[in-house]
Amino acid sequence: MEGSNDGLVLLLQLAITLVMMAATWKIFEKAGQPGWAALIPFYNIYLMLVIAGKPGWWLLLLLIPLVNIIFGVLTTISLARKFGKDAFFGVGLALLGFVFFPILAWGDARYRG
């Protein structure tokens, strides 16, 4: 009986992944970047840094364990501010991205680069 929920968990993970991909695509487009870039590993992180107004070399910091947590939160706070949201929304992006990224993508937020 242990494995009976495996299919449901997998389906939920797939749904969250697809929503996050679509939300990131929409956020990129709102910021004037190509939406398809959301699908390219590492390049999508680099573009997220660019949109958030952070230097591209931060990508290297995001690859270092524990350091990546700090710089990831700083990036999401900057991203939120670029869309006219406050720091608490940025922390929400970091901690509950599957909720806050769709709000940012399909809500009324506008990019203020």
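Read the figures in this text as sums done on the coordinates, not as results from a lab. Because the structure is predicted, anything quoted here is derived from the model rather than measured. Cβ placement follows ideal geometry from the backbone for every residue including glycine, while neighbour counts extend to all protein chains displayed.
Numerical summary
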item: Members of segment 54-78 that are closer than 20 Å to TRP25 by Cβ and either in contact (Cβ under 8 Å) with a residue 60 or more places away in the chain or among the β-branched types (Val, Ile, Thr) (or both); result: THR75, THR76
item: Near pairs, Cβ below 7 angstrom, 6+ apart or cross-chain, from segment 93-110 (in contact (Cβ under 8 Å) with a residue 40 or more places away in the chain) to any residue that is among the polar types (S, T, N, Q); result: PHE101/THR24
item: Restricting segment 75-89 to residues that are surrounded by 17 or more Cβ atoms within 10 Å (Cβ to Cβ) and over 14 Å from ARG112 (Cβ atoms), the residue that is nearest to the chain's Cα centre (by Cα); result: THR76
item: Breaking point among (1) without any contact (Cβ under 8 Å) to a residue 60 or more places away in the chain; (2) under 14 Å from ALA105 (Cβ atoms), for LYS30; result: (1)
